[in-house]
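The values are calculated or read from the model by the stated rules, or taken from the named source; none is laboratory data. These numbers were taken from a predicted model, which means no experiment stands behind them. Positions of Cβ are generated from backbone atoms using ideal geometry, with glycine treated the same way; all protein chains shown enter the neighbour counts. We work out accessible area using only protein heavy atoms, side chains counted, and drop any ligands, DNA or RNA first. Shrake-Rupley method; radii C 1.70, N 1.55, O 1.52, S 1.80 Å.
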Amino acid sequence: MKRLGYTKYAAQGGDWGALIVDRMGVQEPAGLLGIHTNLPGVVPPDIAKALATGSPVPPGLSDEEKHAYEQLQFTYKHLAYARIMGSRPQTLTGLTDSPVGLAAFLLDHDGRSLELISRVFAGHREGLTRDDVLDNITLYWLTNTAVSSARLYWENKYSLVPNGVSIPVAVSAFPDENFQAPKSWAQKAYPNLIHYNKLDKGGHFAAWEQPKLFTEELRAGFRPLR
């Protein structure tokens, strides 16, 4: 950012970018005023442990926390693609041989995202267009980066739950994300939470699928830092 001429800035991340901005929040580089995330690393350690062991919903959770736990249970059961990329990324050579195979792999990231993406092919106009979907697939195909991009899952050594983020944090909780982060979890994970909002639509790829809502969230989240 200094090379670009910025002495003060904010950072936003979703998906793997969410992990990156959390790490930036821990490191607190000079000039970073705050972060915004739409996939916050807020799952409490005891909840993460219960999920890892396949335990039923723990007692004492609020309705929001119970809903998030159930969403995470579903997510944990459908992470085969991540386990493959996290252990054997170089074996995914089929993604560089077949554009149809690549398309199927990219579209089926998670069940709800597949539904949201599929609706455009059923004639609905909200969210992504057919060209949006095909452009994204084509980007991986023409640059031959399906396998190299998968290596991130293998190379990452950081926990998905950060410790020590004390700078200002803004959280946008979309309903069709891998889980809709409860405010109670966000407040515990980020002691300097300056913005939290539950949206009524949008999923894991909210910046792509709901750009207007996403932009409004960025503006609202970072407004206190201006």
Given Lys157/Lys183; Lys66/Lys188; Lys49/Lys188, which pairs have Cα atoms separated by over 20 Å? Lys157/Lys183
Per residue, in Å², the accessible surface of the chain once ligands and nucleic acids are set aside, probe 1.4 Å: 56 Å²
Would you kindly compute the Cα radius of gyration of region 7-103 and its largest Cα-Cα separation (Dmax), both in Å? 17.7, 50
Size of the dipole of the chain about the Cα centre, Lys and Arg at +1 and Asp and Glu at -1 on the beta carbon, nothing else charged, in debye to 20? 660 debye
I'd like the FRET efficiency for Asn144 and Ile84, computed as 1/(1 + (r/R0)^6) with the beta carbon distance as r and R0 of 25 Å, rounded to 0.05. 0.85
Evaluate the charge dipole of region 1-131 about its Cα centre and quote only its size in Debye, nearest 20, assuming +1 on the Cβ of each Lys and Arg and -1 on the Cβ of each Asp and Glu. 420 debye
Where the centre of each part is set by its Cα atoms, how far does region 11-38 sit from region 115-144, in angstrom? 28 Å
Let me check the size of region 106-226 from its C-alpha atoms; what are the radius of gyration and Dmax in Å? 16.7, 46
Mean separation of Cα contacts under 8 Å (6+ apart) over length of region 1-77, as relative contact order %: 24 percent
dims of the chain, Cα set, principal axes, largest to smallest, nearest Å -> 51, 47, 38
Using R₀ = 35 Å, calculate the FRET efficiency as 1/(1 + (r/R₀)^6) where r is the Cβ-Cβ separation of Glu70 and Thr96; round to 0.05. 0.45
With r defined as the distance between the Cβ atoms of Leu61 and Asn192 and R0 fixed at 30 Å, what FRET efficiency is calculated, to the nearest 0.05? 0.75
Give me the percent of the accessible area of the chain that comes from carbon and sulfur atoms, probe 1.4 Å, all protein chains in place. 55 percent
Report the rotationally averaged projected area of region 55-156 based on its alpha-carbon convex hull, in square nanometres. 8.5 nm²
Between Rg and the Kirkwood Rh of region 167-208, both from Cα atoms, what is the Rg to Rh ratio? 0.98
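Give me the percent relative contact order of the chain, please, defined on Cα pairs under 8 angstrom at least 6 residues apart.
27 percent
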